[in-house]
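Inspection log for the structure reproduced underneath, given as structure tokens.
The values are calculated or read from the model by the stated rules, or taken from the named source; none is laboratory data. These numbers were taken from a predicted model, which means no experiment stands behind them. So basically every Cβ, Gly included, is an ideal-geometry build from the backbone, and we count neighbours across all protein chains shown.
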Amino acid sequence: MFKKVLIANRGEIAVRIIRACKELGISTVAVYSDADRKSLHVLLADEAYHIGPPLPSESYLVKEKIIEAAKKSGAEAIHPGFGFLSENDSFADLCEKEGIVFIGPTAEAIKLMGDKITAKKIAQQAKVPLVSGSDGAVTDVEASVVAEKIGYPVMIKASAGGGGKGMRLVRNKDDFESLLRMARSEARSAFGDDSVYVEKFVENPRHIEIQIIADSHGKVLHLFERECSIQRRHQKVIEEAPSAAISAKTRKKMGEVAVKIASAVNYRGAGTVEFIMDQKQNFYFLEMNTRIQVEHPVTEMITGLDIVKWMIKIAAGEKLPFKQNNIHMSGHALECRVYAEDPEANFIPSPGILEYVKLPSGPGIRDDSCIYSGYEVTSYYDPMLSKLIVWGETRDDAINKMLSALREYIVLGVKTNIGFLIRVMKDENFKKVNFDTGFIEKYPQLLSPTSEELDLPLIAAGLAIETMDAQNNNKSSKPNSKWKSHARKLGVSRNYML
Amino acid sequence: MEISCKKTWCLEELHAMTYSFKHKNKIYKLSFEDEGDRLVVELEGSKKPIEYKKIDDYLYSIIISGKSHSLAVLKKGKEIQIFFQGNLFNFETVSEIEQARGGHAASGANQISAPMPSRIVKVLKEKGAQVEQGEGVIVVEAMKMESELKSPLSGTIKEIKVSEGDTVEGGEILVLLSAD
């Protein structure tokens with residue numbers, strides 16, 4: 001086993017990895033930018049090395065600086081966490097060249113899965129279901145032939161696409177020609193390229209993914225699925241395991257397919273195979289993430305396995321000691337990502353100082369966070385403050401536990417999405433598993449607090465001024481004077497009358 | 001201890017204290033009445049006895065008709081931030097005088113507000129000073145960049161709500177002006 005590991009990340013995931021290392025008796029090395037000197041990962045690590053200015057491109061993304069810190073500290077391995085250099089195959093390559101173990105898959109596997117078209121080809125070769133459609137860009141004639149073959153509704157997508165531009169949903173044949181023309185002209189003006197391809201449209205899709213764990217001795221296992229359909233701006237906000245929307249049969253099939261994909265690239269470590277699923281439980285390969293996932297804790301809660309520790313042990317050459325049929329899941333886990341952002345203003349980040357923080361606790365409640373009273377959320381990094389994870393015997397138990405934990409959470413100083421998360425937990429459609437990836441857009445009323453919630457805040461605001469006035473008067477008066485007992489009244493009369 | 005006659009008179013007269021807060025351009029009034037052994041709050045026409053304790057610098061415990069509530073409060077000048085059940089509420093305290101004037105504090109062009117969460121670097125003008133339209137009044141820093149906030153009108157600085165070094169929310173009103 002390694003004696004010392006460098007964590008090439010920041011925020012809650014760096015804290016999570018540091019904790020895993022400590023439990024394994026491994027010494028920890030943190031790296032930090034100017035903006036992170038006071039961050040929790042620096043406070044918790046055994047060693048800490050400064051790597052430059054706040055901008056990620058000048059610190060956390062500079063491979064050479066990370067390698068230099070590893071060498072200076074004598075770390076034998078680097079855990080990249082997620083984001084930053086975690087899916088950068090040339091960094092994995094560089095680590096190998098420098099004789100440092102990269103805790104993750106091979107550079108080759110990262111590269112293959114990093115390219116979406118290559119990844120789809122690998123999936124196709126492994127006979128993994130893909131959303132049916134044209135084989136790359138098509139002519140007008142080919143497009144209508146493909147649409148006819150795969151059946152309506154279909155999506156026309158710009159090859160150079162992005163941001164929904166050059167995209168058209170076609171529900172029936174009669175509209176195809178005109179919508180195709182529109183998609184092309186939009187693509188031409190947006191990207192200077194009017195080539196398009198055609199894909200089957202998946203109605204009301206759900207996002208389901210399979211956690212993979214593989215050792216370097218050829219064993220590839222899956223740790224069941226997570227459902228991450230509650231998203232805003234194409235980013236997950238609430239995740240759960242298992243999915244309440246799939247049958248045992250689908251679960252088994254999906255797990256097998258994911259193992260097949262991972263095996264095709266000789267996968268090693270922890271990874272996630274993402275699928276899009278329709279309401280009839282037909283699922284299609286989306287992509288594979290070759291790193292630890294933000295939402296990995298829900299899988300840990302239902303399987304009892306520590307995925308981060310296994311990543312480290314696998315990188316150190318250990319074999320997975322269990323078989324697929326030794327892995328069981330129990331109960332239900334939910335994760336809510338707590339962000340410094342404003343749900344009422346299209347989830348715009350809300351940087352600032354967290355003047356006051358109180359974290360929830362209790363049985364079955366896990367808060368993976370990096371915050372404390374006085375912590376500053378800067379505009380340089382992702383505004384995620386915490387991942388609140390709960391485990392319950394059933395999904396309903398887990399929802400109630402999450403609700404209670406969210407209500408204990410206090411963050412003063414910046415806007416957060418906690419109120420929004422509470423409203424989702426109370427939502428009937430969420431409770432009844434009646435949702436898809438369009439959930440948040442469909443129910444905009446969840447974004448704002450209800451008006452009757454204003455009474456108590458107003459009372460508290462009034463009391464705050466009152467106690468402040470009383471305190472000010474206390475300071476200016478002699479102790480034990482009669483004045484003190486009337487301070488509040490006099491203080492107020494002074495402010496408002498004199 | 002000298003409690004003057006005048007103050008004693010105040011004590012008699014003002015056993016109820018009224019506060020006004022602005023939230024999303026609406027003004028809310030509430031008053032506390034000290035009935036000796038209990039405090040009664042009146043809000044939107046309904047009266048309730050309340051009991052409260054300050055737990056630490058930020059946290060208040062309030063019990064109303066047996067129901068226990070915890071709220072966190074942060075005061076920044078005239079702005080009050082309340083965190084309650086996952087939601088953050090921003091109130092602005094409205095004085096009797098402002099209210100008498102109709103609470104026009106936030107009526108568009110006669111104010112300067114922070115475009116985003118930022119820190120006040122420099123206050124360039126004083127209260128009562130004359131400004132020309134487009135003249136710089138406050139320098140703020142956000143995302144490591146300084147920018148000068150300019151007066152939207154020619155007139156007089158009525159009030160400067162912040163001082164150098166303050167951290168402000170996006171949208172927070174920094175300066176009130178009155179047009180010539």
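With the condition kept exactly as written, say whether any residue in segment A:119-129 is closer than 22 Å to A:His234 by Cα, out of contact with any Ser or Thr (no Cβ under 6 Å at 6 or more places or on another chain) and touching a residue at least 60 places away in the same chain (Cβ under 8 Å).
Here is the first cut: in segment A:119-129, the ones closer than 22 Å to A:His234 by Cα are A:119-120.
From what's left, out of contact with any Ser or Thr (no Cβ under 6 Å at 6 or more places or on another chain): A:119-120.
Cutting the leftovers down to touching a residue at least 60 places away in the same chain (Cβ under 8 Å) gives us A:119-120.
Yes; the residues of segment A:119-129 include at least one that is closer than 22 Å to A:His234 by Cα, out of contact with any Ser or Thr (no Cβ under 6 Å at 6 or more places or on another chain) and touching a residue at least 60 places away in the same chain (Cβ under 8 Å).
Check segment A:299-322 and report whether any residue there is touching a residue at least 24 places away in the same chain (Cβ under 8 Å), in contact with a Leu (Cβ under 7 Å, 6 or more places away or on another chain) and either in a strand (DSSP E or B) or within 14 Å of chain B (Cβ to nearest Cβ) (or both).
Looking through segment A:299-322, none of the residues is touching a residue at least 24 places away in the same chain (Cβ under 8 Å), in contact with a Leu (Cβ under 7 Å, 6 or more places away or on another chain) and either in a strand (DSSP E or B) or within 14 Å of chain B (Cβ to nearest Cβ) (or both).
Quick check on B:Leu177: is it more than 27 Å from A:Ile348 (Cα to Cα), hydrophobic (A, V, I, L, M, F, W, C) and modelled with pLDDT under 85? Step through it out loud before you land on a result.
Values: more than 27 Å from A:Ile348 (Cα to Cα): yes; hydrophobic (A, V, I, L, M, F, W, C): yes; modelled with pLDDT under 85: no.
Taking the combined requirement at face value, the residue does not satisfy it.
Considering (1) under 14 Å from A:Ile208 (Cα atoms); (2) touching a residue at least 40 places away in the same chain (Cβ under 8 Å), say which one A:Lys280 fails and leave the rest.
Of (1) under 14 Å from A:Ile208 (Cα atoms); (2) touching a residue at least 40 places away in the same chain (Cβ under 8 Å), only one is false for A:Lys280: (2).
So is A:Glu453 farther than 16 Å from A:Ile238 by Cα and more than 21 Å from the chain's Cα centre (by Cα) or not?
On the way: farther than 16 Å from A:Ile238 by Cα: yes; more than 21 Å from the chain's Cα centre (by Cα): yes.
Judged against the criteria, A:Glu453 is a match.
A:Val257 passes all but one of (1) in contact with a strand residue (DSSP E or B) (Cβ under 8 Å, 6 or more places away or on another chain); (2) assigned to a loop (DSSP other than H, G, I, E, B); which number fails?
That leaves (2) as the condition not met.
Take B:Gly170 and decide whether it is within 17 Å of A:Ser379 (Cα to Cα), outside the structural domain of B:Lys75 (by TED's automatic domain parsing), out of contact with any helix residue (DSSP H, G or I) (no Cβ under 8 Å at 6 or more places or on another chain) and in a loop (DSSP other than H, G, I, E, B).
yes
For segment A:71-107, which positions are touching a Leu at 6+ places or on another chain (Cβ under 7 Å) and over 27 Å from A:Met288 (Cβ atoms)?
Of everything in segment A:71-107, those that are touching a Leu at 6+ places or on another chain (Cβ under 7 Å) and over 27 Å from A:Met288 (Cβ atoms) turn out to be A:Ser73, A:Ala75.
Name the residue, out of A:Ile353, A:Ile389, that is hydrophobic (A, V, I, L, M, F, W, C), more than 20 Å from A:Arg16 (Cα to Cα) and in contact with a strand residue (DSSP E or B) (Cβ under 6 Å, 6 or more places away or on another chain).
Values: A:Ile389 fails: more than 20 Å from A:Arg16 (Cα to Cα).
A:Ile353 is the lone residue from the list that is hydrophobic (A, V, I, L, M, F, W, C), more than 20 Å from A:Arg16 (Cα to Cα) and in contact with a strand residue (DSSP E or B) (Cβ under 6 Å, 6 or more places away or on another chain).
What's the number of the only condition in (1) at pLDDT 85 or above; (2) part of a loop (DSSP other than H, G, I, E, B) that B:Gly102 fails to meet?
(1)
Okay, residues lined up against (1) in contact (Cβ under 8 Å) with a residue 40 or more places away in the chain; (2) among the small types (Gly, Ala, Ser); (3) assigned by TED's automatic domain parsing to the domain that holds A:Glu376; (4) not in a helix (DSSP H, G or I):
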position	(1), (2), (3), (4)
A:Val15	yes, no, no, no
A:Ile18	no, no, no, no
A:Tyr60	yes, no, no, yes
A:Ile66	yes, no, no, no
A:Gly81	yes, yes, no, yes
A:Leu85	yes, no, no, yes
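Here is a check on your reading of the model: is A:Arg168 buried (at least 18 other Cβ atoms within 10 Å of the Cβ), under 30 Å from A:Lys149 (Cβ atoms) and modelled with pLDDT under 95?
Considered against the rule, which asks whether it is buried (at least 18 other Cβ atoms within 10 Å of the Cβ), under 30 Å from A:Lys149 (Cβ atoms) and modelled with pLDDT under 95, A:Arg168 comes out as yes.
Enumerate the pairs (first residue in segment A:369-383 and within 8 Å of A:Leu354 (Cα to Cα); second residue anywhere and of a type in the set (Asp, Glu)) with beta-carbon separation below 8 Å, excluding pairs fewer than 6 apart on the same chain, so at least 6 apart or on different chains.
A:Ser373/A:Glu355; A:Gly374/A:Glu355
Please go through segment B:139-158 and give me each residue that is modelled with pLDDT under 90 and either closer than 24 Å to A:Glu355 by Cβ or hydrophobic (A, V, I, L, M, F, W, C) (or both), ordered by number.
Matches in segment B:139-158: B:Val139, B:Val140, B:Glu141, B:Ala142, B:Met143, B:Lys144, B:Met145, B:Glu146, B:Leu149, B:Leu153.
Restricting attention to segment B:128-163, and to residues there that are in a loop (DSSP other than H, G, I, E, B) and under 18 Å from the mean Cα position of the chain (by Cα), which single residue is nearest to B:Glu92 (Cα to Cα)? Reasoning before the result, please.
Our first condition is that a residue be in a loop (DSSP other than H, G, I, E, B); within segment B:128-163, this holds for B:128-129, B:132-135, B:143-144, B:151-154, B:161-163.
Applying the additional criterion that residues be under 18 Å from the mean Cα position of the chain (by Cα) yields B:161-163.
Numbers: B:Lys161: 11, B:Val162: 13, B:Ser163: 17 Å.
Restricting to residues being in a loop (DSSP other than H, G, I, E, B) and under 18 Å from the mean Cα position of the chain (by Cα), the top hit is B:Lys161.
Considering only residues that are within 7 Å of chain B (Cβ to nearest Cβ) and basic (Lys, Arg), look in segment A:393-415 and name the one that is farthest from A:Tyr375 (Cα to Cα).
Here the answer is A:Arg407.
Quick check on A:Val128: is it more than 24 Å from the chain's Cα centre (by Cα), assigned to a helix (DSSP H, G or I), of a type outside the set (Gly, Ala, Ser) and at pLDDT below 95?
Numbers: more than 24 Å from the chain's Cα centre (by Cα): yes; assigned to a helix (DSSP H, G or I): no; of a type outside the set (Gly, Ala, Ser): yes; at pLDDT below 95: yes.
For A:Val128, the condition - more than 24 Å from the chain's Cα centre (by Cα), assigned to a helix (DSSP H, G or I), of a type outside the set (Gly, Ala, Ser) and at pLDDT below 95 - is not met.
From (1) farther than 22 Å from A:Ser386 by Cα; (2) in a helix (DSSP H, G or I), pick out the condition that doesn't hold for A:Gly25.
Condition not satisfied by A:Gly25: (2).
Do we find that A:His328 is surrounded by 20 or more Cβ atoms within 10 Å (Cβ to Cβ), assigned by TED's automatic domain parsing to the domain that holds A:Lys415 and at pLDDT 95 or above in this structure? I'd like the intermediate steps shown before the answer.
Details: surrounded by 20 or more Cβ atoms within 10 Å (Cβ to Cβ): no; assigned by TED's automatic domain parsing to the domain that holds A:Lys415: yes; at pLDDT 95 or above: yes.
Judged against the criteria, A:His328 is not a match.
Name the residue, out of A:Thr106, A:Thr118, that is crowded, with 18+ Cβ neighbours inside 10 Å and farther than 16 Å from A:Val5 by Cα. If you could, list the steps in order and put the result at the bottom.
Details: A:Thr118 fails: crowded, with 18+ Cβ neighbours inside 10 Å.
On inspection, the qualifying residue turns out to be A:Thr106.
Identify all residues within segment A:442-465 that are farther than 21 Å from B:Ser20 by Cβ, within 11 Å of chain B (Cβ to nearest Cβ) and out of contact with any helix residue (DSSP H, G or I) (no Cβ under 7 Å at 6 or more places or on another chain); write none if there are none.
Once the filter is applied, which keeps residues that are farther than 21 Å from B:Ser20 by Cβ, within 11 Å of chain B (Cβ to nearest Cβ) and out of contact with any helix residue (DSSP H, G or I) (no Cβ under 7 Å at 6 or more places or on another chain), segment A:442-465 yields only A:Thr450.
From the list A:Lys200, A:Lys219, A:Lys165, exactly one residue is within 25 Å of A:Ile261 (Cβ to Cβ), touching a helix residue (DSSP H, G or I) at 6+ places or on another chain (Cβ under 6 Å) and among the charged types (D, E, K, R). Which is it? Reasoning before the result, please.
Numbers: A:Lys219 fails: touching a helix residue (DSSP H, G or I) at 6+ places or on another chain (Cβ under 6 Å); A:Lys165 fails: within 25 Å of A:Ile261 (Cβ to Cβ).
Being within 25 Å of A:Ile261 (Cβ to Cβ), touching a helix residue (DSSP H, G or I) at 6+ places or on another chain (Cβ under 6 Å) and among the charged types (D, E, K, R) holds for just one of A:Lys200, A:Lys219, A:Lys165, which is A:Lys200.
Could you check segment A:350-366 and list, in sequence order, the residues that are closer than 20 Å to B:Ala142 by Cβ and surrounded by 19 or more Cβ atoms within 10 Å (Cβ to Cβ)? Step through it out loud before you land on a result.
Narrowing segment A:350-366 to residues closer than 20 Å to B:Ala142 by Cβ: A:350-355.
Correct list: A:Ser350, A:Pro351, A:Gly352, A:Leu354, A:Glu355.
In this structure, is A:Gly413 in contact with a strand residue (DSSP E or B) (Cβ under 9 Å, 6 or more places away or on another chain), at positive phi and not aliphatic (A, V, I, L, M)? Let's see the steps before the verdict.
Numbers: in contact with a strand residue (DSSP E or B) (Cβ under 9 Å, 6 or more places away or on another chain): yes; at positive phi: yes; not aliphatic (A, V, I, L, M): yes.
Judged against the criteria, A:Gly413 is a match.
Scan segment B:42-76 residue by residue and report those that are buried (at least 17 other Cβ atoms within 10 Å of the Cβ) and either more than 10 Å from chain A (Cβ to nearest Cβ) or within 18 Å of B:Phe91 (Cα to Cα) (or both).
Matches in segment B:42-76: B:Leu43, B:Tyr58, B:Leu59, B:Tyr60, B:Ser70, B:Leu71, B:Ala72, B:Val73, B:Leu74, B:Lys76.
Any idea how many residues of segment B:147-170 are touching a strand residue (DSSP E or B) at 6+ places or on another chain (Cβ under 6 Å) and surrounded by fewer than 14 Cβ atoms within 10 Å (Cβ to Cβ)?
Adding up the residues that qualify gives 2.
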